[in-house]
Structures are given as C-alpha cells and as structure tokens.
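These notes are about the structure you will find just below.
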Amino acid sequence: MNNKAGILGIGSYLPEKIIDNLYFEKTMDTSDEWIKTRTGISERRIANDNEATSDLATKAALKAIKCAKLKPENIDLVIVATATSDMVFPSTACIVQNNIGATKAAAFDMSAACSGFIYAMTVAKQFVENKVYQNVLVIGAEVLSRVLDYTDRTTSILFGDGAGAVVIGNVEFGGILSTYLGSDGSGKEFLNIPAGGSKLPASQNTIDNKLHTIKMAGNDVYKFAVRIMGDASLKALEMANLKTCNIDYLIPHQANIRIIEASAKRLKLNMDKVYVNLDKCGNMSAASIPVALDEAYRLGKIKKGDNVVLVGFGGGLTWGSSVVNWSIQGGKNE
Ligand code: UT7
C-alpha cells in the first residue's frame, strides 16, 4: 500500500480578456520588442471588473474536483494560495468553500506570494499522509491586475490573472515524492505591496502615492531567482533520491523566460522538457505553477509515472520545489 499523498485531479481557469504588448506600447514608454526579448511575455489574461480571485478559484476548483471523480462534499480542507485575496478577511478559501458547496471542509488562505502553491501543496501532503484529512483542495489563484500600477512599466507588463487547482489525496501509485520550502525575510523590500496592511493602512497619502500596488526591484529579484530555481530543484531531487537525469518534465514558476532557460540549463534539460506559458499568461504568481501543470497534463506532455519537478520563487522572499511522480491516467484529449 502506497502511503504517499499525490494529485487526484487537476483543473484551471483563465479569464477571457486578453491584454497584449501593443496595449502597453500605446500607453507607456515601452515596446513589444523590449517586453518579448527581456521577459518572453506577449500577452496576459485579465479578469473582468466583476470577477474576484474567488470567482477564478471556484471555476478551477470545480474542474479539479470533477477530474478527481469526487464531489464537493468529499473535500475536507480548502487551501487558497494567493497574494490577492478578495478581502482582508474572510479568507478567499472560505468564499470558495461556500461557492462550491464543500460543506464539510475547513478553509484557510496561504500567504507565500508566488511560492504559495508549493507551500499549500506541502501542507496538504502533511494532512493526507498523517491521515487527518482524506481530500484536500489546493488552489493557486490571483487577480494581480487589481494591484498593478498601469503607469509603471517595470511591473505592469509582467503580471496576469488566473487560477489552478489540484485535489491532494492518497494515491495508489507515485505521488508527491518530496517538497522543499525556504524563505529569507531580509529580502522583503525587493518585492512587496507596501500599503493596505497594519504597517501602512489605507490613507489619502497611500492612495496618492500608489502604495497599494506591486513594487519590485526587478534586477535583484532576477539574480535571486536564477540562483534559487536551480538550487531548490536540486534539493527536491536529492530529497526524493533522484538525479537530474531522472527528471521527465519541469514546471517552473512563469516569471521570465530567461530565468526559466537558466534553470533548465542548470538541470541539464532541453527546453522541450520544460513547460512555458508565460508568453500567453504572463506571471500569475501563485496560479502560475498549477495552471502550467494543468495545461501540460492536458496536452499529454506529462504521463502516469513521470517525475515532474515543480519549482517557484517569490515575495518574502520565498521559494519552494517538489518532485511529483505523476499518478493520473489520461491527459491528452481527455
Ligand atoms: O514572481 C516573481 C516576480 N518578479 C519577477 O520575477 C521579476 C524578475 N525580474 C525580471 O524579470 C527582470 O528583472 C525584469 C524583466 C523585471 C527587468 O529586466 P532587466 O533585464 O533586469 O532590466 P533592468 O531592471 O536592469 O532594467 C534595464 C533597463 C532600465 O533602463 P536604464 O536604467 O538602463 O536606462 C529600465 O528602466 O530597462 C528599462 N525598463 C524598460 N524599458 C522598456 C524597465 N522596464 C521596461 C519596459 N520597457 N517595460
């Protein structure tokens, strides 16, 4: 009997509205060429005015539950990883729990910025393997367009909205072989939203100075990311007693194509073993990894028995990685 937790079902949702690079070319001092060559991004999805993070999360969650052949009342716990919760409280997870009718589930949010999905998956794994809960719904969901300063060319071009979800439960085959998490709070100034919390509550001054929007020292985050993506992937492999030659597929956080290519090189992987959707989606923070994982699975790029490395980094600073031995049959044309 395999006592490991693994992914029972997966789903994702992207809003319909698309903003391409030409929009930014028209509204600020940038170009399609600069954005594509420096980031790899061509377009990103943006939520409608009436869509909040919980709405995107709900759609992704229902797909994941269906894929797992379960019903909402079979879910014991809902964890939403997000940096853009609907409101300060209640948690977005509580709103999703009610939306989907997971009447028996506990619910809470996870705050680890872009690494949030791997953090939440790690927590889910503990609950399942310790037999506290049977089925844990883990969602990464963001509406980052609500926290962007669309006059700041160094941040607004990078991010998009979306949601991805998995159901974590006991699997007969494979499962989550390892998870590795890390943080370094000394880097808190590199990437943050300064206002709206207890340190700097909303005021006319914070609004006038756009302090409720993402601030980033892009190049510092870039250098950190290139180092940590490789280090963290190697650590998760070591914890699973595997080597780089055992990787079948890599799902990296989708922040910048140059960061992804550097990670692939460090792991000795050809880019055909690496999933990239940031050209179409931009950086969706906690939603990037589960959306990419869902797309790769549905395109038939990940098959039962494959060793899939998930790796991400983000505000905090935080990072996380995992080796998942894929346990769901199917994929392509499912
Ligand atoms: O999920 C985690 C979230 N964050 C990230 O992943 C971000 C990681 N960092 C990055 O992806 C890159 O650092 C960026 C894409 C944000 C920036 O690329 P870079 O190669 O690190 O550029 P830079 O910040 O060193 O800036 C180079 C130049 C600057 O001009 P000067 O000072 O050299 O004259 C910027 O002002 O590029 C300028 N620049 C732009 N130019 C045209 C910055 N943004 C733009 C823009 N269009 N959108």
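The values are calculated or read from the model by the stated rules, or taken from the named source; none is laboratory data. The structure presented is a predicted model; accordingly, all values stated were derived computationally and were not measured. For neighbour counting, all protein chains shown are included, and Cβ atoms are generated from backbone atoms with ideal geometry for every residue, glycine included. For the accessible areas, the whole protein counts, side chains as well, though only heavy atoms, and no ligand, DNA or RNA atoms are used. Shrake-Rupley method; radii C 1.70, N 1.55, O 1.52, S 1.80 Å.
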> Expressed as a whole percent, how much of the Cα-Cα distance distribution for region 126-165 exceeds 13 Å?
Replying inline: 64 percent
> What does the accessible area per residue of the chain come to in Å², with a 1.4 Å probe and no ligands, DNA or RNA counted?
Replying inline: 43 Å²
> Hey, which lysines would be in cross-link range of residue 125, C-alpha to C-alpha under 17 Å, not counting anything within fewer than 8 residues on its own chain?
Replying inline: 4
> Straight-line reach from residue 131: which aspartates and glutamates have Cα under 14 Å away, leaving out those fewer than 8 places along the same chain?
Replying inline: 76
> Over all Cα pairs of region 4-175, how is the pair count split among 10 Å bins, expressed in % and running from 0 up to the last occupied bin?
Replying inline: 11, 37, 29, 16, 7, 0
>> Net charge within 14 Å of residue 135 by Cβ-Cβ distance, Lys/Arg positive one each and Asp/Glu negative one each, not counting residue 135 itself?
In response: +3
> What is the distance, in nm, between label points placed 7 Å from the Cα along the Cα-to-Cβ direction at residue 210 and at residue 243?
Replying inline: 5.0 nm
> Setting aside same-chain residues fewer than 8 positions from residue 199, which lysines have a Cα under 23 Å from its Cα?
Replying inline: 188, 210, 215
> Hey, what does the equivalent ellipsoid look like for the chain, semi-axes from the Cα gyration tensor as sqrt of 5 times each eigenvalue, largest first, whole Å?
Replying inline: 29, 23, 18
> Using a 1.4 Å probe on the protein chains only, how many percent of the accessible area of the chain belongs to carbon and sulfur?
Replying inline: 51 percent
>> How many angstrom lie between the Cα centre of region 3-30 and the Cα centre of region 185-256?
In response: 17 Å
> Considering only the chain, what is the antiparallel percent among its DSSP beta bridges, to the nearest 5?
Replying inline: 70 percent
